[in-house]
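Chemist: Supplied in structure tokens, the structure appears directly below.
Since every read-out is calculated from the coordinates, none of them should be taken as a lab result. The shown structure was predicted, so the numbers you read here are calculated from the model rather than taken from an experiment. FYI the Cβ positions are ideal-geometry reconstructions off the backbone, even for glycines, and counts take in every protein chain you see.
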Amino acid sequence: MSDKTKKKIFVIIGVIVTSIICLVPFVWMIVISFSKNPDFLGSVKVSYTFTWNNYRQIITSLDLHIIDYFKNSLIIAIVVTFFSVMIGSFAGYAISRIRFKGKTFITLGILAVSMFPQISIVGYIFELMTKLGWINTYKALIFPYIAWVMPISLWILISYFMQLPKSLDEAAMVDGANRMQTLLKVILPISAPGVFSTALLVFIASFNEFMFALMLTTDYHARTIPVGIALFQGLHGQIPWGQIMASSAIAAIPLVVMVLIFQRYIVQGLTAGALKG
């Protein structure tokens, strides 16, 4: 057997194993969400009965507020993604293209700040938001989220911008464009794969964030869906796995749709640096 054949076999095995690890929990979540009497441990002694009741209950029940949680997560994630990518684009372009003192210190400082765990700062953020009167509002989550995801956004965009030749900037400026016009009309259109991959990663991080949402919200007016699902209990304290899995399936819809639509750009953006040369 040739080395090329062995490599192909190992790649196929790796893809199959990885696919199973990633897909089995998702498929099991869907199966449980459509079960009439869900058993989370999947006992073979329990007969499976298909039903839509779990989805119908979480959507129509006004007491569960799943739709409110979903709406809150979606609005907050979209706003955070927009501002994070916008600020990251400006900062990434400046750091990758313009010479100024302290550039290395700024990038390393941002990376160092991102290493602090959320639990170490959430108490101070809670005190600040309390003094501002922002507890249980979108603002209480949007501003901390932007600061939290900014290192991810900035580092991905810097690495992508640095792959682009500076001759593009020089040519645009020769034609009379300033720095802002060069960024908006030349660099960002070419950098669409990197921008899309950054936006998706930031959106996923914001949509799934738990710690800040748990501490800075109190009810359905601003609470996000990860916290809503975590605090999901039945009327008598039991854990309604069918409704929890149905809620989780609904929460996964935006992420799945975005990945399916932008997967080509995401792959290009995340592999651009590795393909150089």
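Chemist: Tell me the label-point distance for the pair Ala94, Met29, using the 7 Å Cα-to-Cβ offset, in nm and rounded to one decimal.
Modeler: Spacing of the two 7 Å Cα→Cβ label points: 3.8 nm.
Chemist: Counting Lys and Arg as +1 and Asp and Glu as -1, what is the net charge of the other residues whose Cβ lies under 12 Å from the Cβ of Ile158? Mind dumping the intermediate values first?
Modeler: On the way: positive: Arg97, Lys103; negative: none.
Net charge around Ile158: +2.
Chemist: Still on this structure: Ignoring everything except DSSP H segments at least 4 long, calculate the 222 nm mean residue ellipticity for the chain; use -39,500 (n - 2.57) per segment, divide by total residues, nearest 500. Present the calculation step by step, with values, prior to reporting the outcome.
Modeler: Values: 12 runs with 194 residues, N = 277.
Mean residue ellipticity, 222 nm, calculated: -23500 deg cm²/dmol.
Chemist: Still on this model: Determine, for each peptide in 60-72, 154-166, the mean count of other beta carbons within 10 angstrom over its residues, then list the peptides with the highest first.
Modeler: Numbers: 60-72: 16.2, 154-166: 18.4.
Going from most to least packed, we get 154-166, 60-72.
Chemist: Can you give me the distance in nm between label points at Asn208 and Gln263, each placed 7 Å from the Cα along the Cα-to-Cβ direction?
Modeler: Result: 1.7 nm between the two label points.
Chemist: Please give the net charge around Ala94, taking every other residue with its beta carbon less than 9 angstrom from that of Ala94, where Lys and Arg add +1 and Asp and Glu add -1.
Modeler: Numbers: positive: Arg97, Lys103, Arg179; negative: none.
Residues close to Ala94 contribute a combined charge of +3.
Chemist: Over the chain, what is the relative contact order in whole percent, taking alpha-carbon pairs under 8 Å and six or more residues apart? Spell out each step's value before the answer.
Modeler: Numbers: 277 pairs, mean separation 84.5, N = 277.
About 31 percent, as a whole number.
Chemist: About the Cα centre, and with charges only on the beta carbon of Lys, Arg (+1) and Asp, Glu (-1), how big is the dipole of the chain? Nearest 20 debye, please. Walk me through the numbers on the way to the answer.
Modeler: Numbers: 20 positive and 10 negative charges, 165 e Å.
Here the chain has a charge dipole of around 800 debye.
Chemist: Same structure again: Residue by residue through segment 79-96, which ³J(HN,Hα) values in whole Hz follow from phi under the Karplus form 6.51 cos²θ - 1.76 cosθ + 1.60 (θ = phi - 60°), with glycine and proline marked x?
Modeler: Coupling constants for segment 79-96: 5, 4, 4, 4, 6, 5, 5, 5, 5, x, 5, 4, 5, x, 5, 4, 5, 7 Hz.
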